[in-house]
């Protein structure tokens, strides 16, 4: 029995991801998550500090401009939103060779 050839993904996945740490009011964390899901999962939100309401946004480098625009738009709705840390790109864990 012959195996089917492995289907190639429609795009080449990134080898790195970018992070953005955002501080906001704790009652707006669910709204942030809801709006990110509405934008086709633009970024992956993770609560880093639940007492200070710091959320890490993990996103592909190609979507950096869209995430920045999203955070600016979100800050107009919730004025207490502030970017508290913007580290550089880091390699993705469990990275598989692409060739």
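Any read-out appearing in this document is the output of simple, stated calculations on the displayed coordinates, not a laboratory observation. Since this is a predicted model, take the numbers as computed values, not measurements. Heads up, the Cβs are rebuilt from the backbone with ideal geometry, glycines too, and the neighbour counts pull from every protein chain shown.
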Cα shape, the range 23-88, gyration tensor, a/c 1.5 rule: rounded
Could you rank the peptides 61-67, 50-56, 20-26 by their average count of other C-beta atoms within 10 Å per residue, with the highest value first? 20-26, 50-56, 61-67
